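K.L.:
Dropping the structure in here first, questions after.
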Amino acid sequence: MIVSYGEILLLAICLFFMGMICVVTRRNLLMILIGVEIMLNAAGIAFVGAALRWHSLDGQAFVLFLMAVAASEVAVGLALIVYAHRHSGTLNGDGYNLMKG
Amino acid sequence: MNAYSAIFYLLAVIITVATALTITSRNLVYAVVYLIISFLGTALLFYLLGAPMLAALEAIIYAGAIMVLFLIIIMLMQIDKQEGVASLFNQCFFVIAVAGTAFSLVLLLLYGNSGSFFPLQAAMATPGQFGAFIFQKYWLAVEVVSFLLLVALVGALYLSRTNSEKSAYGGKR
């Protein structure tokens, strides 16, 4: 007997909004990517809690796919950030205001 | 309150505090290390909620691979120290307004539905059960995801070419 699903969902919501605040307020591209990771992780917590709530493994399966998508997103995102840093010399999101790279 | 719920509350506090320290810390390396703590706490939470396979994957993929990738990139790029103290607070009003509205709506949804607050029974899906389930019901999705990882690998390799390699292959730029 552990906590109710509402409390798990509350934790996931808190983490999701922390990630959202990180994405919106920070200027650094790496911190924006970290905020996206926090949001994906919060969604994973909600999925695993739902899998326990309804005794179905579908929620856990979706967390597995979520991890794979997060890994590929980070790989491509970091490659893009390195590319942009090499060409513009900045990591500030406001620094990218030219269409021609 | 029994042992399971005590562990849950402890883990929830650890995860929340570590994430809060992540999003407020100025130094990127500190942020990543705090996020590793948060992800390890999440792995323990997954184990508590009956997903040992996902707990292992969370520790290996998230806390191990992804965060180390972040650390390598941060150390590779010689990032100029800080991003300026004012930048976190100049949009404070809009952030609080939007996040507060959304948060209160979600809370309304959560507490308006009385069915979401009964204690869950502890259950455990062994890795064998999980693997059998995922390859019986979601085999196509597993293939699609593996293909997605391949595409991400090729894309990252393409983006990280240097200029000399580009000219060697006859590229325009």
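K.L.:
Once each part is reduced to its C-alpha centroid, what is the distance from the stretch B:92-139 to the stretch A:1-78 in angstrom?
P.N.:
10 Å
K.L.:
Take the Cα gyration tensor of the stretch B:1-79, multiply each eigenvalue by 5, square-root it, and list the three semi-axes largest first, rounded to whole angstrom.
P.N.:
Equivalent ellipsoid semi-axes, largest first: 27, 16, 5 Å.
K.L.:
Just checking the output field for A:45-54: average partner chain Cβ neighbours within 10 Å of each residue's Cβ?
P.N.:
Whole-number average of other-chain Cβ neighbours for A:45-54 is 5.
K.L.:
Amide H to amide H, which residues 5 or more places from A:SER4 or on other chains are under 5 Å from it, using H placed in the peptide plane?
P.N.:
Here B:LEU120 satisfy the definition.
K.L.:
Near B:PHE117, within a Cβ-to-Cβ distance under 14 Å, what is the net charge of the other residues, with Lys and Arg +1 and Asp and Glu -1?
P.N.:
With Lys, Arg at +1 and Asp, Glu at -1, the neighbours total 0.
K.L.:
Further, regarding this structure: Step through the residues of the stretch A:34-43 one at a time and calculate ³J(HN,Hα) from phi using the Karplus curve (6.51 cos²θ - 1.76 cosθ + 1.60, θ = phi - 60°), rounding each to whole Hz and writing x for Gly and Pro.
P.N.:
Couplings: 5, x, 4, 4, 4, 5, 4, 5, 5, 4 Hz.
K.L.:
A further question follows. Within 10 Å of each Cβ in B:41-48, how many Cβ atoms from other chains are there, averaged over the peptide?
P.N.:
Per residue, the average neighbour count from other chains is 3.
K.L.:
What is the ratio of the Cα radius of gyration of the protein assembly as shown to 2.2 N^0.38 Å, with N the residue count, to two decimals?
P.N.:
1.09
K.L.:
Show me, bin by bin at 10 Å from 0, the whole-percent P(r) of chain A based on Cα pairs.
P.N.:
In order of increasing distance, the bins hold 15, 36, 27, 15, 7, 1 percent.
K.L.:
Using only DSSP helix segments of four residues or longer, with each worth -39500 (n - 2.57), what per-residue ellipticity at 222 nm results for the protein assembly as shown after dividing by its residue count and rounding to 500?
P.N.:
After summing the helix terms and dividing by residue count, I get -24000 deg cm²/dmol.
K.L.:
Please arrange B:LEU159, A:LEU9, B:LEU49 by how many other C-beta atoms lie within 10 Å of their C-beta, fewest to most.
P.N.:
B:LEU159, A:LEU9, B:LEU49
K.L.:
Within 10 Å of each residue's Cβ, count the other Cβ atoms and sort A:SER72, B:SER25 from fewest upward.
P.N.:
Result, fewest neighbours first: B:SER25, A:SER72.
The numbers here are math on the coordinates, done by the rules we state, and not lab data. Quick caveat, the model's predicted, so the values are computed rather than measured. Virtual Cβ from ideal backbone geometry, glycine too; neighbours counted across all protein chains shown.
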